[in-house]
Amino acid sequence: MALSRSSSSLTRTEVRSLRVAELKDELAARGLDTTGLKKDLLDRLLNDLSNITPSASASASAKYIQNYARKASKEPQQKSTGKPAKLVDMIDPTILYVLRYHGMQHHPSATASCGLILYNSETEKIVWSGAQFYSAGESAQEAEMKGLSSVLNHLSKVGIKKLIIQGHAKGSTANQLQGHFGVKSKHLQMLHQGIEDIMRTLEECETWGVAMDQVAKEHNLAKKSLENRNSKGFDLFQIEDEDESSNSENVSSGISSLGDMCTDEAERGLDPVEDYSQEGIRQNTEQDNLVSLPSFAPDKKYVLRFDGGSRGNPGTAGAGMVLFDSESGLEVWAAFQYLDETTNNVAEYSALLYGLQFASAMGITQLVAEGDSTLVVKQVTGEFAVKKEHLKPLRQSVRALADRFDYFSINYIPRAENFRADQLANVAMDEKFSMGLEVLEYIEEADDVSFQSRSQHHNIDGVNDIKASSHELQSLECPSTLGLGNHYENELPIPEADISERQLSPHRTYVLKFGGNAKGQSAAGCAAILLDDISNEEIWNGMYYINDQQGSQFIAGYTGLIIGLRKALSMGAKRLIVVGSTDFVVNQMAGKWKVKSEVIKPYHMHAKYLCDNYFEDIDFEFAKENGGGELRTLCNEAMESQKSRLQGFLPS
């Protein structure tokens, strides 16, 4: 194949591989219209190419096509020198890559393995594959995180800039990386944080949950690694690391292909999905792991893409929803819902309703909805009349939800541009499973909006109403004793918060920082600060002087916590990250330490009662320098001045 192939000799398939930005630049250079969808741009360019002469391809405006032709016609750069090919020579930083992973654990031998494959998204060919074996009692999830950490660390070194990480949608690792689950284990927290740190260094990086059959090859890699009790493919990383640090000779390459690790499974006719279930790999998908949610800026515009489908009409159905940041274009949230049996149109409406419900619950105020259902889009905008009776309440529900946003629009997009939502809907249908909408189980809306709430035990064509309780939650009486006499003998000498004029969203997460200090046993001071988790803006702060013969640092810490909890509750907050500078209080509230002191018990029981009965989600963290100088300053000021400053509290 000649290297000097002209642009006019490119095949239609090769030209279609050019990116939209390159197409627009090429069309602009040729003086052609650059507006429209990718298909229109390609057709315009192809028609123009069919009419040009070979000499025209030498112009500066044809560089994109010339470069593509040069790449397509090059012979492989690898030479048969007996030395392994370096991964860095195979990486093009302008190309988007896909890294898929899957971990397995063999319980009897306490071993685990993770199989990983790197794909070129343009050619869909495998760039690298490998499996890492662990023999120190790692779980399947730990194997996945360790494998991902090792591979991501190396890929960032060899120049990859754009990456999509895909794992099994039911797996804990995929859901933790997407922010659906929190990470409870301290060891896994370190691995999770390391992975996120590497992801932030890339120009583009997203994490997706996919169906099991999409990670079947990675599953077979991990299975083969467990059987042979060895790793494969990772020694390539070691070779390149040695090259970077010294001039030592390369050892034999460990780069593997699917031929030697997956062919055996195919020849034996094993079904990778059935093998997966037989292994009994423990995937922790319990809803009580949902301890963290993504944060959304209320002043930013987001794009909701939705899609629903059914296999049969009616038939097995699923809905897929994904939110994008309109500025960066990055995916910030994704979910899918299994709908049992229903029609395609109901599935499309359900996807839109779930997406709107989640966006509203997260405090988003500016939203653009995009879907590939002409019927749904035009019925919502009023261009089409709703003739089917079972669709009328769905359309009404969408309009009611849309009215909650300061800005809302809904647009039709071609199916090719809605591939992510379509993929999620198919995951729901394939797996007969739902993920990403757990938060809606704890949210009840304040009006009579109908919202489709399905489970695998319900089979309905319409929607179930979720009655409103966000209004009820905000209007709850701020608890003073509220029956707390059963929990301790004497009422605590702590002032009560008044109902605040400023009300916070019960669906967003806020940060409460508290601390306390004491001077001997004569007097103590405490303080609390309430912050917005997104903007870090200070919402409220206060200090309190404790004039008590039993005053101590521990009582001061608990008093600061209770004051902060009461204030947050009076403002309508239901989700808190509580950060304390007194490890004694934090560990007792987290259940790690027992409460032995009879003096401390009433304070602990009161704080615990508030957390358990009036907050939906609350996490405790210890930070020695909690709140910086401001918290310490407030505590010291309270002790020195022997005065309290608690705006919004009833007089003590």
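The values are calculated or read from the model by the stated rules, or taken from the named source; none is laboratory data. Bear in mind the structure is a predicted one, so any value in this text is a computation, not a measurement. Here the Cβ is made from the backbone with ideal geometry for all residues, glycine too, and neighbour counts use every protein chain on show.
The residue that is farthest from Arg420 (Cα to Cα), counting only those in the stretch 325-348 that are surrounded by 24 or more Cβ atoms within 10 Å (Cβ to Cβ) and in contact with a Lys or Arg (Cβ under 9 Å, 6 or more places away or on another chain), is Thr342.
If you go through the stretch 492-517 and pick out every residue that is in contact with a Gly (Cβ under 9 Å, 6 or more places away or on another chain), farther than 17 Å from Ile563 by Cα and not in a loop (DSSP other than H, G, I, E, B), you end up with 0.
To keep it simple, each residue is scored yes or no on (1) touching a strand residue (DSSP E or B) at 6+ places or on another chain (Cβ under 6 Å); (2) not in a helix (DSSP H, G or I).
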residue	(1), (2)
Ala347	yes, no
Gln379	no, no
Arg404	no, yes
Ile410	yes, yes
Gln423	no, no
Val427	yes, no
Asp430	no, no
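Among the listed residues Ala359, Ala428, Ala351, identify the single one that is modelled with pLDDT under 95, closer than 18 Å to Ala169 by Cβ, buried (at least 21 other Cβ atoms within 10 Å of the Cβ) and of a type in the set (A, V, I, L, M). The match here is Ala428.
Within the set Gln647, Gln588, the sole residue that is part of a loop (DSSP other than H, G, I, E, B) and outside the structural domain of Ser185 (by TED's automatic domain parsing) turns out to be Gln647. Within the stretch 623-637, being at pLDDT 85 or above and under 25 Å from Lys608 (Cα atoms) holds for Leu631, Arg632, Leu634, Cys635. In the stretch 163-179, the residues that are on the phi > 0 side of the Ramachandran plot reach residues that are of a type in the set (A, V, I, L, M, F, W, C) and in a strand (DSSP E or B) with C-beta atoms within less than 8 angstrom, at least six apart or across chains, in these pairs: Gly179/Trp333.
Residue-level check: of (1) surrounded by fewer than 17 Cβ atoms within 10 Å (Cβ to Cβ); (2) under 30 Å from Ile126 (Cα atoms); (3) modelled with pLDDT of 50 or more, Val322 misses just (1). Determine whether the stretch 139-154 contains at least one residue that is out of contact with any Leu (no Cβ under 7 Å at 6 or more places or on another chain), assigned to a strand (DSSP E or B) and either buried (at least 21 other Cβ atoms within 10 Å of the Cβ) or not assigned by TED's automatic domain parsing to the domain that holds Val215 (or both). No, because not a single residue in the stretch 139-154 is out of contact with any Leu (no Cβ under 7 Å at 6 or more places or on another chain), assigned to a strand (DSSP E or B) and either buried (at least 21 other Cβ atoms within 10 Å of the Cβ) or not assigned by TED's automatic domain parsing to the domain that holds Val215 (or both). Picking from residues in the stretch 401-421 that are crowded, with 21+ Cβ neighbours inside 10 Å and in contact (Cβ under 8 Å) with a residue 60 or more places away in the chain, the one that is nearest to Gly36 (Cα to Cα) is Asn418.
Could you tell me whether any residue of the stretch 193-204 is in contact (Cβ under 8 Å) with a residue 40 or more places away in the chain and touching a Cys at 6+ places or on another chain (Cβ under 8 Å)? Yes, that holds for at least one residue.
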